[in-house]
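J.: I'd like to ask you about the structure that follows.
The values are calculated or read from the model by the stated rules, or taken from the named source; none is laboratory data. These numbers were taken from a predicted model, which means no experiment stands behind them. All Cβ positions, glycine included, derive from the backbone under ideal geometry; neighbour counts span all protein chains shown. The protein model used for the area step is the full one, side chains on, heavy atoms only, and it has no ligands, DNA or RNA in it. Shrake-Rupley method; radii C 1.70, N 1.55, O 1.52, S 1.80 Å.
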Amino acid sequence: MATTRTAPHQLVIVAAALALVGGLYVLPKGIMKPKESKSELSKDAAATANRDGGGMATNGSKTEASSGPVPATATDNNGPNAAPHTTTSPAQRQELARLLGEYQAAATPDAKATVATTLARRYNDVERFDSAGYYLEQVALSKPSAQHWQQAADAYFQAFSFAATDERVKLLGGKARELYTKVLKDQPGNLDAKTNLGMAYMASENPVQGVTYLREVLEADPRNEKALYNMGILAVQSNQYDKAVKRFQDLVKVNPKNVNGQFYLGVTLAQTGAKEEAKQAFLAAKSLSNDPALAASVEEQMAKLK
């Protein structure tokens, strides 16, 4: 099975501003300005995800390949097509190849949708999230519903969260925005979809729209953890530490056991000079997790408070 990555604490400090790398609610690197057309992005997504013909050599027209029934070996991880967070066993690759054959051979739309659902599940198991998104989108195209569109959007958003290059950020963020927009057309009150759409917009040519969506979520639900967290991270990235402190304070009031909230509350309090309060937040974060990476980050941050 692939190594699972759920809410890891991989923390990077650059010029005194922190950006979360990986994790459940993440802003990928930088604010991108995609130039590709919608049709080109869709074409690339399909070519990148539907890798049944060419293994690691099969790429979309503008993107690096990161999905399909191939292993993420040590050699792959050092190359241009690396997907270091993924691994597949021989048995998993064999099953994916079998399912891809079944998908190609399926005689009816319903049969294709059934196999596509299984394929998406198997790709998700090996953390090939863009491939999972591609096949879930095929299901949604065959059987349109807000639920199906969101399943596809969530998979693309997960892939977007792990994107390692600017091109991948643009491609996958664009697909996530496209599909979450379909969800909200049917379910305008879906705050989870709106939050993720807001974060996907942060990597577009219109980041202000992303902030607008997050604010709309908080207007509808001031206790929304996901929106509070992301607004806090955005404030950190723009060096607005007073605003960030308020967001993370609100977050830990809603959920004192939110590890990332406690950690970033410590970070932002330290930046504003509130060292004792920062120490308490760091200790709270450490007490809530057995993650050695988090513990090391806490110790490093606390050392700076002395």
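J.: With every protein chain left in place and a probe of 1.4 Å, what is the accessible surface of Val217, to the nearest 10 Å²?
T.: The value for Val217 is about 0 Å².
J.: Let me ask something additional. Name the residues whose placed amide hydrogens come within less than 5 Å of the amide hydrogen of Gln240, ignoring near sequence neighbours (fewer than 5 apart) on the same chain.
T.: The answer is none.
J.: Hey, what does the equivalent ellipsoid look like for the stretch 207-283, semi-axes from the Cα gyration tensor as sqrt of 5 times each eigenvalue, largest first, whole Å?
T.: They are 21, 14, 8 Å, listed from largest to smallest.
J.: Taking a 1.4 Å probe, which of Asp166, Asp192, Asp242, Asp130 shows the most accessible area, and what order do the others take after it?
T.: From most accessible down to least: Asp242, Asp166, Asp192, Asp130.
J.: Report the far tail of the P(r) of the stretch 112-160, meaning the percent of Cα-Cα pairs longer than 13 Å.
T.: Taking all Cα-Cα pairs of the stretch 112-160, the fraction more than 13 Å apart is 44 percent.
J.: What percent do you get for the relative contact order of the stretch 148-303 when only Cα pairs under 8 Å and 6+ apart count?
T.: In percent, rounded to a whole number, it is 12.
J.: Evaluate the relative contact order of the stretch 143-218 (contact order divided by residue number), counting alpha-carbon pairs under 8 angstrom at least 6 apart; express in whole percent.
T.: It comes to 27 percent, rounded to a whole number.
J.: Using only the Cα atoms, work out Rg/Rh for the stretch 151-203, with Rh taken as the Kirkwood radius, to two decimals.
T.: 0.97
J.: Now for a different question. Can you put Lys143, Lys306 in order of accessible area, largest first, using a 1.4 Å probe?
T.: Listed by decreasing accessible area, they come as Lys306, Lys143.
J.: Ok, one more. Average projected area of the Cα convex hull of the stretch 81-209, in nm²?
T.: 8.1
J.: Are there trypsin sites (Lys or Arg not before Pro) in the stretch 216-247 that DSSP puts in a loop and that have at most 13 other Cβ atoms within 10 Å, and which ones?
T.: Those satisfying the criteria are Arg223.
J.: What pairs from Lys246/Lys279; Lys226/Lys246; Lys253/Lys279; Lys243/Lys306; Lys286/Lys306 go past 20 Å between their alpha carbons?
T.: Lys243/Lys306
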